[in-house]
Amino acid sequence: MAGRHLPDSLELLLDTMCNTFGGVMFITISMVLMVSAVSRMLSEASPQELDRQVLEEERRRIAALEQEIGRMETRLRLSDSHVVRDDANSREEVDLLRKALREAAALENEAAGKQSQLEALEQEISRQRERNAAGAKQLQEEEQRIEAALREEHSQRERRIQEREELKKEEAAQRPRRIRFAKSEPTNLQPYTIILSGNALHRLGPGGLSCREVEVRREGNLLTLIPRNGVPVSGDIGSAEFSRLFADVDRGRYFVRCFVDPDSFEVFAGLRRRFRENGFRLDWIITEEFLLRLVDRADYSASE
């Protein structure tokens, strides 16, 4: 073939085909390398690190390369129509070029596959972002729910503390008032007996006989005292009323012996203050049965 001279049209065709083949190979190899690099970058990077602008830029570059391949294929088809079909060497060269074109087409298909993988990765990134957004929203709602529960618990704790304080105040207000009494001491005075029952004062006096306010029933040496017509009194008995009720009681001769029914204890507490203010000595017992025992000699005791 060294001694043969190719026609000018064939030389032009071969020149065009060689240039086209070289360009196609260069573009295709560049595309494959670029797509492989992008795919590797996408597979290694996390969804949060992926940059949307880089993906768009690579997509534009792939589209430009595909357009360039299309233009070269068009030029090759136009040049192929001028090939001298009788020349065996020319047909061999053309077959080689067509094989190269098929390989370029295969590379282009591979590049398209890489592009599909790139789009699939982009879709997966989009879905992952949506899942992340949904997870963030769910986490925010859970935090709000926990915060609301903590506020409600704090409010309930504050209400319980307030209720406890109110109960303490009510308990303190309802707590029975302590009344301290002086210690009884022996006395030579004689007893002047009274009964406090039903918030009324019943005066028996120094003797053991029935009177208008107290009925006395005797069985042997045991006297049972039964309150009858008493004088209504209150715990805040006035000084004038007290003096009227006990005007005939000699403080130098008698001490007051008081039987207190439990229902009249508050009245007794107020009356006792009046006894102390007026200098009376006092002996008292809380009971629901008012009994006296007759003895020859008794040792009495009373408090001031």
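Nothing in this text is a laboratory measurement; each read-out follows from the coordinates by a stated rule. All of these numbers come straight from a predicted model, not from anything done at the bench. For neighbour counting, all protein chains shown are included, and Cβ atoms are generated from backbone atoms with ideal geometry for every residue, glycine included.
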Take residue 266 and decide whether it is more than 60 Å from the chain's Cα centre (by Cα) and acidic (Asp, Glu). no
For segment 124-139, pairs from a residue that is part of a helix (DSSP H, G or I) to a residue that is surrounded by 10 or more Cβ atoms within 10 Å (Cβ to Cβ), with Cβ under 6 Å and 6 or more apart or across chains, are 125/47; 125/50; 128/47
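Condition check ((1) in contact with a Ser or Thr (Cβ under 6 Å, 6 or more places away or on another chain); (2) among the β-branched types (Val, Ile, Thr); (3) within 20 Å of residue 213 (Cα to Cα)) across all residues:
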{"position": "224", "(1), (2), (3)": "no, yes, yes"}
{"position": "239", "(1), (2), (3)": "no, no, no"}
{"position": "245", "(1), (2), (3)": "no, no, yes"}
{"position": "266", "(1), (2), (3)": "no, no, no"}
{"position": "270", "(1), (2), (3)": "no, no, no"}
{"position": "276", "(1), (2), (3)": "no, no, no"}
Among the residues of segment 233-264, the number that are farther than 22 Å from residue 300 by Cα and touching a Leu at 6+ places or on another chain (Cβ under 8 Å) is 6
Practice prompt. Kindly establish whether residue 260 is among the aliphatic types (A, V, I, L, M), touching a strand residue (DSSP E or B) at 6+ places or on another chain (Cβ under 8 Å) and touching a residue at least 40 places away in the same chain (Cβ under 8 Å).
Written response: yes
